[in-house]
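The structure under discussion appears below in the form of structure tokens.
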Amino acid sequence: MALFWKRAAVCMLVPYGGAFGFVSTAQNLSGSSMATYTKSNALKMMSDATGSAAKKVLVPIADGSEEIESVTIIDTLVRAGAEVTVASVSPELQVTCSRGVKLVADKSIADAAGETYDAIACPGGLPGANHLRDDPTLRALLQAQNEAGRLVAAVCAAPAVVLQTHGLIAGRAATCYPADQFKSAIENYSTDPVVVSGNLVTSQGPGTSLAFALALVAELYGEEKASELKGQMLF
């Protein structure tokens, strides 16, 4: 018998097998909830395989964040062996993304603020990017991250709305979603799908989010690890 699924889904990073796993749930027409995808203990497996310490990455999300970008960043970096913290800047840990997909963060941005991260990667989407821009805790984290020369990254609307607004691009080459309202905010706008300018990594949108995430892997773990993941992910 065929099952038909409602559009609404919930994706979350949860403790799984002693580390973090990734679970997506959906509801069938009878209203019951079931897991549709589980990625087990990727962090532990990748760290064991590479023998390298996990890099710490913060991915802030909010109501209206772009779901393809958010999940692609999270999943790709976990595959690489990173310790990814998903932090909500919204009042609740569960956020509703720009197309209705629901994501559950690990913690609030306030609770995430006490850590030092090797990278902070902001997804785009509207009004999600506006919420990231307006959060004072995230702004302080991004400014400290940039001053320390650690990776600051954003995709889609976020380079223009979040990073440029807070002076974090500062004339460097960057890209963003190729709409005039965003392009015009970036002085040295590039048409490249992914741009790396020192500790700044930017990209254009949902369709470039895997290339963006793999560029972050290359910056954190090296080109060899990024190439390995490209092969595994058929990219």
query = For Ala170, which of the numbered conditions (1) surrounded by fewer than 16 Cβ atoms within 10 Å (Cβ to Cβ); (2) at pLDDT 95 or above; (3) aliphatic (A, V, I, L, M) fails to hold?
reply = (2)
inquiry  = Looking only at the stretch 192-210, filter to residues that are surrounded by fewer than 18 Cβ atoms within 10 Å (Cβ to Cβ) and out of contact with any strand residue (DSSP E or B) (no Cβ under 9 Å at 6 or more places or on another chain); which one of those is farthest from Ile68 (Cα to Cα)?
reply    = Gly198
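Looking only at the stretch 216-234, which residues are under 18 Å from the mean Cα position of the chain (by Cα) and touching a residue at least 12 places away in the same chain (Cβ under 8 Å)? Write out each step before concluding.
Taking the stretch 216-234 and keeping what is under 18 Å from the mean Cα position of the chain (by Cα), we get 216-221, 226, 229-230, 233.
Within the stretch 216-234, Leu216, Val217, Glu219, Leu220, Tyr221, Ala226, Leu229, Lys230, Met233 qualify.
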note = Subset of the stretch 131-150, residues farther than 16 Å from Ala112 by Cβ and either hydrophobic (A, V, I, L, M, F, W, C) or at pLDDT below 95 (or both), comes to Ala148
ask   = If we keep just the residues of the stretch 83-102 that are aliphatic (A, V, I, L, M) and within 12 Å of the chain's Cα centre (by Cα), which is nearest to Tyr221 (Cα to Cα)?
value = Val84
ask   = For the stretch 181-191, does any single residue satisfy the condition of being more than 19 Å from Ala113 (Cβ to Cβ), out of contact with any Lys or Arg (no Cβ under 6 Å at 6 or more places or on another chain), of a type in the set (Lys, Arg) and surrounded by fewer than 21 Cβ atoms within 10 Å (Cβ to Cβ)?
value = yes
inquiry  = Looking at the stretch 155-168, can you tell me whether even one residue there is touching an Asp or Glu at 6+ places or on another chain (Cβ under 6 Å), free of Cβ contacts under 8 Å to residues at least 40 places away in the same chain and farther than 20 Å from Glu223 by Cα?
reply    = no
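Matching residues to (1) hydroxyl-bearing (Ser, Thr, Tyr); (2) farther than 18 Å from Gly81 by Cα; (3) at pLDDT 95 or above:
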site: Tyr189; (1), (2), (3): yes, yes, yes
site: Val195; (1), (2), (3): no, yes, yes
site: Leu200; (1), (2), (3): no, yes, yes
site: Ser203; (1), (2), (3): yes, yes, yes
site: Phe212; (1), (2), (3): no, no, yes
site: Ala218; (1), (2), (3): no, no, yes
site: Glu224; (1), (2), (3): no, no, yes
site: Glu228; (1), (2), (3): no, no, yes
site: Met233; (1), (2), (3): no, no, yes
message = Step by step: first the residues of the stretch 55-70, then only those that are touching a strand residue (DSSP E or B) at 6+ places or on another chain (Cβ under 6 Å) and surrounded by fewer than 23 Cβ atoms within 10 Å (Cβ to Cβ), then the one that is nearest to Glu115 (Cα to Cα). Which residue is that?
response = Lys56
query = Going by the conditions given, is Ala213 surrounded by 24 or more Cβ atoms within 10 Å (Cβ to Cβ) and in contact (Cβ under 8 Å) with a residue 60 or more places away in the chain?
reply = yes
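The values are calculated or read from the model by the stated rules, or taken from the named source; none is laboratory data. Note that the structure is predicted; figures quoted are calculated from it, not measured. All Cβ positions, glycine included, derive from the backbone under ideal geometry; neighbour counts span all protein chains shown.
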